[in-house]
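Peer 1: So that we are looking at the same thing, I have put the structure below in structure tokens.
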Amino acid sequence: MPVFDFSNTPDDNNEFVCTYTTFSSNERVATPEKPILVLDNSKRQWKYHTCGVFSNQSKKTTFEFKETDGNFEADILKVDSRFVYLLKWLGKNHINVRLSGENREEGYAVYKIRELSLGGSGKLSAEDGFLQFMIERLFASNAPLSDIEEDEELDETGDDMKLTSLQSISDFMMCAGKTLPDNIRLWARRNLAVAHSHEVTQEERRHAQRALSIMMNIQWKNNYFESIDPKEARRILDEELYGMERVKQRIIETIIQINRTHTLPAYGILLIGPAGTGKSQIAYAVARILKLPWTTLDMSSINDPEQLTGSSRIYANAKPGIIMEAFSMAGESNLVFIINELDKAASGKGNGNPADVLLTLLDNLGFTDNYMECMIPTSGVYPIATANDRELISAPLMSRFAVIEIPDYTVEEKKIIFTKFAMPKVLKRIGLKEDECIITDEALGAIMECFENTSGIRDLEQAAEHIAANALYQIEVDNLSKVVFTGKMVKELLM
């Protein structure tokens with residue numbers, strides 16, 4: 001790694017020389033073996049817990065230790081590239097911190113940084129949880145892809161903190177540095193300038209601050225995906241779905257592809273089949289396998305493209321669209337988009353076709369929300385769509401998916417699903433034992449007969465709920481020890 005020389009860049013009207021090297025790391029936690037930074041310990045061995053300040057990088061790049069026998073300085077030898085801007089922020093604002101580290105051959109390896117006090121800086125402090133929040137966000141981010149270059153101006157955690165004030169947003173932008181995508185960093189600077197400006201209306205400032213809060217509270221990750229254990233993926237699929245071997249095979253093939261390329265496939269999945277066949281359940285299982293947050297988009301309730309793309313800030317009641325809100329709710333840029341009822345996407349009643357908006361999302365080239373006025377990276381978005389009728393889906397939409405047909409269940413499969421999955425699940429939920437609610441073979445045949453003209457298993461699940469509730473009623477009210485259902489009892493109950 002090169003040594004970065006910032007000697008021509010003024011800071012607080014002084015000259016400083018950057019003496020450290022940077023290293024790239026995507027570790028999610030720091031240890032003495034894989035620290036945040038390393039300080040020089042050639043002249044003095046430092047304590048396990050030690051206090052002081054980063055000396056504003058105007059006295060080279062040092063940490064000033066406040067020891068009982070005086071103050072001592074040590075150069076920073078190397079630092080995780082994700083934390084460069086955080087250290088500069090700590091130094092620039094003279095924030096007192098406590099380091100936890102270990103003396104090693106290469107230097108004093110720092111793996112934890114805690115704030116001690118406000119220090120009169122007027123910046124966000126330990127009381128706000130900002131430093132811990134910032135460190136956690138940086139650990140969750142990936143190392144900057146480009147070289148670090150100068151930019152313009154856990155007992156306690158920050159997990160629940162939200163960046164809403166201009167102070168918190170400004171500090172976050174300073175500390176996050178190049179861990180933010182370049183276009184979002186530039187966008188954030190422009191909007192921060194608008195939010196601070198007195199040359200625009202109060203409404204414009206409010207919209208800029210709201211947009212900044214939304215954008216900065218999202219963890220912008222790259223599209224590198226860790227390998228997924230195919231055996232664990234298969235276990236999850238078997239746990240969630242009965243049968244469907246061909247569908248499971250297709251999903252496992254997708255997992256193996258991800259393991260080879262460490263990126264998401266170019267195409268999402270489109271599940272087409274009758275209602276109640278478990279299409280949404282498959283989508284949730286895939287999200288669980290990918291270990292990604294998921295959001296649902298119900299196309300049957302979308303009748304205007306603006307619901308997806310958001311409204312322009314020129315309107316007082318402007319707001320982001322549903323897609324941008326999904327990123328905000330997920331809190332990160334990598335997520336599974338479950339698009340329900342894709343075959344309803346072409347039935348727009350407003351000023352355009354909602355299906356056309358989906359095309360830009362599915363192309364993974366980036367999505368632009370009218371309110372945010374910024375291109376949102378979508379390379380980490382995996383779309384899974386469901387539909388009942390493929391004839392109602394336009395050819396351009398179909399071409400963006402790998403299509404998986406979901407067949408309806410046979411009578412024998414429905415019997416197994418009812419007895420092995422649906423009924424035990426309901427009994428466990430309402431607190432009944434299996435020997436308190438007995439379904440005879442005759443009763444099972446009657447249940448199948450009641451729903452022989454319906455597709456899927458949704459009606460069977462509702463039947464299990466009805467039967468179990470009736471058994472519980474008879475046990476509690478009539479003081480029965482168990483209820484044995486016959487075919488006649490079932491038909492009277494369900495028909």
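Peer 1: Kindly indicate whether Asn364 is farther than 24 Å from Pro181 by Cβ and surrounded by fewer than 23 Cβ atoms within 10 Å (Cβ to Cβ).
Peer 2: No; evaluated as a whole, the condition is false for this residue.
Peer 1: Shifting gears a bit: Suppose we filter the range 182-224 for residues that are surrounded by 14 or more Cβ atoms within 10 Å (Cβ to Cβ), over 21 Å from Phe130 (Cα atoms) and within 16 Å of the chain's Cα centre (by Cα); how many remain?
Peer 2: 2
Peer 1: Considering each residue of the range 274-288, count those that are surrounded by fewer than 22 Cβ atoms within 10 Å (Cβ to Cβ) and touching a Ser or Thr at 6+ places or on another chain (Cβ under 9 Å), and give that number.
Peer 2: Looking only at that region, the number is 4.
Peer 1: Follow-up question, since we're still on this one. Within the range 236-277, count every residue that is within 24 Å of the chain's Cα centre (by Cα) and not charged (D, E, K, R).
Peer 2: 21
Peer 1: If you take the residues of the range 47-74 that are of a type outside the set (A, V, I, L, M) and touching a Leu at 6+ places or on another chain (Cβ under 7 Å), which of them is surrounded by the fewest Cβ atoms within 10 Å (Cβ to Cβ)?
Peer 2: Among residues in the range 47-74 that are of a type outside the set (A, V, I, L, M) and touching a Leu at 6+ places or on another chain (Cβ under 7 Å), the one surrounded by the fewest Cβ atoms within 10 Å (Cβ to Cβ) is Cys51.
Peer 1: So which of Ala387, Ala395, Ala422 is of a type in the set (Gly, Ala, Ser), within 30 Å of Asn353 (Cα to Cα) and crowded, with 18+ Cβ neighbours inside 10 Å?
Peer 2: From the options Ala387, Ala395, Ala422, the qualifying one is Ala387.
Peer 1: Name, by its number, the condition in (1) within 26 Å of Gly273 (Cα to Cα); (2) assigned to a strand (DSSP E or B) that does not hold for Ile438.
Peer 2: Looking at each condition in turn, Ile438 falls short on (1).
Peer 1: Right, something else. Helices (runs of 4 or more DSSP H) wholly in the range 200-276 with at least 1 residues that are closer than 22 Å to Gln167 by Cβ - which ones?
Peer 2: Where helices (runs of 4 or more DSSP H) fall fully within the range 200-276 and carry at least 1 residues being closer than 22 Å to Gln167 by Cβ, they are 202-216.
Peer 1: Just checking, how many residues over the range 289-305 are surrounded by fewer than 17 Cβ atoms within 10 Å (Cβ to Cβ) and out of contact with any Pro (no Cβ under 9 Å at 6 or more places or on another chain)?
Peer 2: 6
Peer 1: Taking Ile252 and the conditions (1) in contact with a helix residue (DSSP H, G or I) (Cβ under 7 Å, 6 or more places away or on another chain); (2) crowded, with 18+ Cβ neighbours inside 10 Å, which numbered condition does it fall short on, given that it satisfies the others?
Peer 2: (2)
Peer 1: Conditions first: (1) at positive phi; (2) modelled with pLDDT under 80. Gly107 passes all but one, so which condition is the exception?
Peer 2: (2)
Peer 1: Here's a follow-up. Considering only residues of the range 434-468 that are over 15 Å from Thr486 (Cα atoms) and in contact with a helix residue (DSSP H, G or I) (Cβ under 7 Å, 6 or more places away or on another chain), which is surrounded by the fewest Cβ atoms within 10 Å (Cβ to Cβ)?
Peer 2: Selected residue: Glu434.
Peer 1: Within the range 398-419, restricting attention to residues that are among the polar types (S, T, N, Q) and more than 17 Å from Ser455 (Cβ to Cβ), which residue is surrounded by the fewest Cβ atoms within 10 Å (Cβ to Cβ)?
Peer 2: Filtering the range 398-419 for residues that are among the polar types (S, T, N, Q) and more than 17 Å from Ser455 (Cβ to Cβ), the one surrounded by the fewest Cβ atoms within 10 Å (Cβ to Cβ) comes out as Ser399.
Peer 1: Further question: Output the number of residues of the range 305-345 satisfying the condition of being of a type in the set (A, V, I, L, M, F, W, C), within 20 Å of Glu204 (Cβ to Cβ) and part of a loop (DSSP other than H, G, I, E, B).
Peer 2: 3
Matching residues to (1) of a type in the set (Asp, Glu); (2) within 29 Å of Ile384 (Cα to Cα):
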site	(1), (2)
Ile416	no, yes
Lys428	no, no
Glu436	yes, no
Ile439	no, no
Leu444	no, no
Gly456	no, yes
Asn479	no, no
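Peer 1: Exactly one condition in (1) farther than 26 Å from Arg82 by Cβ; (2) buried (at least 16 other Cβ atoms within 10 Å of the Cβ); (3) aliphatic (A, V, I, L, M); (4) at pLDDT 90 or above is false for Leu241; which is it?
Peer 2: (4)
Peer 1: Would you mind finding the one in Pro424, Pro407, Pro396 that is assigned to a helix (DSSP H, G or I), within 36 Å of the chain's Cα centre (by Cα) and over 26 Å from His466 (Cβ atoms)?
Peer 2: Pro396
Peer 1: Okay, next question. Under the condition of being of a type in the set (D, E, K, R) and farther than 27 Å from Asn142 by Cα, which residue from the range 306-339 is surrounded by the fewest Cβ atoms within 10 Å (Cβ to Cβ)?
Peer 2: Lys319
Peer 1: Yes or no: the range 36-47 includes at least one residue that is charged (D, E, K, R) and in contact with a helix residue (DSSP H, G or I) (Cβ under 9 Å, 6 or more places away or on another chain).
Peer 2: no
Peer 1: So Pro383 fits all but one of (1) in contact with a Ser or Thr (Cβ under 8 Å, 6 or more places away or on another chain); (2) more than 19 Å from Asn183 (Cβ to Cβ); (3) modelled with pLDDT of 90 or more; (4) of a type outside the set (A, V, I, L, M, F, W, C); what number is the exception?
Peer 2: (1)
The values are calculated or read from the model by the stated rules, or taken from the named source; none is laboratory data. Values in this document were obtained by computation on a predicted structure and should not be read as measured data. Neighbour counts are summed over all protein chains in view; Cβ atoms, including those assigned to glycine, are modelled from backbone coordinates with ideal geometry.
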